[in-house]
1. Among (1) of a type in the set (Asp, Glu); (2) outside the structural domain of residue 194 (by TED's automatic domain parsing); (3) modelled with pLDDT of 95 or more, where does residue 358 come up short?
2. Does residue 194 satisfy the criteria of being away from the ligand (no atom under 16 Å from the Cβ), in the same structural domain as residue 313 (by TED's automatic domain parsing) and either of a type in the set (Lys, Arg) or in contact (Cβ under 8 Å) with a residue 60 or more places away in the chain (or both)?
3. Looking at the range 226-240, is at least one residue away from the ligand (no atom under 16 Å from the Cβ) and assigned to a helix (DSSP H, G or I)?
4. Here are the criteria: (1) in contact with a helix residue (DSSP H, G or I) (Cβ under 9 Å, 6 or more places away or on another chain); (2) more than 15 Å from the ligand (Cβ to nearest atom); (3) free of Cβ contacts under 8 Å to residues at least 60 places away in the same chain. Tell me which single one residue 199 does not satisfy.
5. Tell me which residues, restricted to the range 75-103, are surrounded by fewer than 20 Cβ atoms within 10 Å (Cβ to Cβ) and either under 22 Å from the mean Cα position of the chain (by Cα) or in a strand (DSSP E or B) (or both).
6. Please indicate, with yes or no, whether at least one residue in the range 132-141 is surrounded by fewer than 16 Cβ atoms within 10 Å (Cβ to Cβ), in the same structural domain as residue 237 (by TED's automatic domain parsing), in a loop (DSSP other than H, G, I, E, B) and on the phi > 0 side of the Ramachandran plot.
7. Those residues that are surrounded by fewer than 17 Cβ atoms within 10 Å (Cβ to Cβ) and part of a loop (DSSP other than H, G, I, E, B), I need them from the range 46-69; list them, please.
Amino acid sequence: MKYLIETFGCQMNVHDSERMAGLLEQAGYESTADERDADLIVINTCSVRERAEEKLFTRLGELRQMAIEEGQRPVVAVAGCVAQQEGRHILKRSNAVDVVIGTRNLKRLPMLVERAVEQGAGAAPATIDLDPIDDVSFPLGVVRRSDPVKAYVTIIEGCNEFCAFCVVPYTRGHERMRPVAEILADARHAVDTGAREIQLLGQIVNHYQAPDDPACDFAALLERLNTLDGLERIRFASPHPRHVTPRIIDAMRDLPKVCRHLHLPVQSGSSRMLAAMRRRHTREEYVELVAALREAMPDIALSTDMIVGFAGETERDFEETLSLTAAVRYHSMFSFKYSERPNTLALKRMNDDVPEEEKTRRIVALQGLQKTIQGELHSRAIGRIEPVLVDARSRRRDWELSGRTSGNTVVNFAGRPEWIGTTVAVRITGANPNSLRGESVNS
Ligand code: SF4
């Protein structure tokens with residue numbers, strides 16, 4: 001039996017798909033990249049941005065059409081945040097689904113698809129499993145990593161912050177910490193099987209406190225990972241600014257394996273908007289935090305998430321977003337137009353009152369500014385020699401390799417395929433808005 005997993009959304013979803021792939025392979029399934037060859041298709045959905053539900057139903061319609069043309073369809077399971085959020089409603093809109101599985105129930109996927117696979121797609125009533133299971137353990141060595149060089153390791157699931165715009169606490173549940181013993185075993189196993197970089201994942205990754213060791217907070221976890229032989233780099237996403245402690249800054253400064261990059265979501269440059277968003281920090285506190293990070297690590301690269309057009313955002317609020325962007329000078333930014341999401345406080349109590357054309361104008365202005373800043377930062381890198389961890393062949397040119405600096409910037413350069421998985425000293429020779437070009441200094 002063959003399976004195909006289609007993944008939308010964030011790194012957490014990518015890693016959930018790696019986990020589901022491992023569970024299915026343990027149950028005897030083989031992977032395929034061809035949907036016409038698949039006996040089972042799992043659609044791992046994301047609902048953070050608008051139209052996520054429509055994307056799912058469009059895809060289900062395509063699978064239905066494929067089934068009509070082929071005379072039979074694969075078993076279809078819907079997983080991820082849209083599955084958790086929409087549950088039974090998915091079955092009302094589509095008869096092409098056999099299993100709907102919630103974000104906390106992934107370990108039951110092989111068991112849930114078993115009956116549908118045995119009886120044939122659509123032959124048995126669809127199964128829905130959305131029970132909020134709090135167990136965050138995952139069997140060692142089962143994950144089927146999609147990247148040979150970088151390994152994701154989840155350390156926290158769920159979130160207790162309830163930012164006004166965010167659907168995550170409703171789809172992923174309350175915050176649950178993984179035991180540190182399990183995290184270290186996962187990391188050890190990943191390194192033993194070829195990973196050179198560990199990326200720790202959690203909705204508020206820096207809020208970590210080990211349930212099995214009161215002495216192990218996030219900084220202590222970084223210290224313990226830093227001692228792993230064979231591991232070269234540690235990254236993490238995403239921290240919440242209000243939980244970045246002096247201990248974490250010290251650990252980032254002092255531990256050589258922790259990358260000089262921090263993705264530090266801010267969402268708005270206006271303290272008034274931050275309060276409306278329930279972010280629980282002000283612009284001034286964020287700017288102070290950036291200054292403390294830069295004082296400890298002058299070479300640190302910062303990236304962020306920004307929302308424009310949140311409920312009640314005035315032109316003045318937006319100008320504060322532009323001025324914060326200009327002041328911090330982020331190396332990269334994910335920016336979005338605000339859209340209402342199900343269940344959120346903003347949907348229930350606030351008015352989505354910024355017209356769509358105005359949101360578009362603001363995002364174009366913000367992205368234009370960010371592109372200029374990124375271009376300037378990249379141009380300044382020309383002439384430097386950067387250690388680049390090579391992770392793959394370049395997407396555009398077969399003879400080129402692609403890797404990342406410690407600051408998380410993509411660098412493309414000519415090299416040999418056997419360098420994949422190693423760190424190469426690269427002289428930066430050219431800059432594009434989203435990447436750098438270079439040449440190996442030891443070739
Ligand atoms: S911190 Fe806020 S934005 Fe991040 S996952 Fe939690 S609720 Fe969502």
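1. Condition not satisfied by residue 358: (2).
2. Numbers: away from the ligand (no atom under 16 Å from the Cβ): yes; in the same structural domain as residue 313 (by TED's automatic domain parsing): yes; either of a type in the set (Lys, Arg) or in contact (Cβ under 8 Å) with a residue 60 or more places away in the chain (or both): yes.
For residue 194, the condition - away from the ligand (no atom under 16 Å from the Cβ), in the same structural domain as residue 313 (by TED's automatic domain parsing) and either of a type in the set (Lys, Arg) or in contact (Cβ under 8 Å) with a residue 60 or more places away in the chain (or both) - is met.
3. Initial filter on the range 226-240 (away from the ligand (no atom under 16 Å from the Cβ)): 226-235.
Now restrict to residues that are assigned to a helix (DSSP H, G or I): 226.
Within the range 226-240, one or more residues are away from the ligand (no atom under 16 Å from the Cβ) and assigned to a helix (DSSP H, G or I).
4. (3)
5. Step one: filter the range 75-103 for residues surrounded by fewer than 20 Cβ atoms within 10 Å (Cβ to Cβ), giving 87-89, 91-95.
Passing the criteria: none in range.
6. No, the range 132-141 has no match at all.
7. 49, 50, 51
Residues checked against (1) touching a residue at least 24 places away in the same chain (Cβ under 8 Å); (2) β-branched (Val, Ile, Thr):
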| position | (1), (2) |
| --- | --- |
| 363 | yes, yes |
| 369 | yes, no |
| 375 | yes, no |
| 378 | yes, no |
| 388 | yes, yes |
| 404 | no, no |
| 410 | yes, yes |
| 421 | yes, no |
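The values are calculated or read from the model by the stated rules, or taken from the named source; none is laboratory data. Just so it is clear, the structure is predicted and the values come from calculations on it, not from any experiment. Don't worry about glycine lacking a Cβ; one is built from the backbone with ideal geometry, like all the others, and counts go over all protein chains shown.
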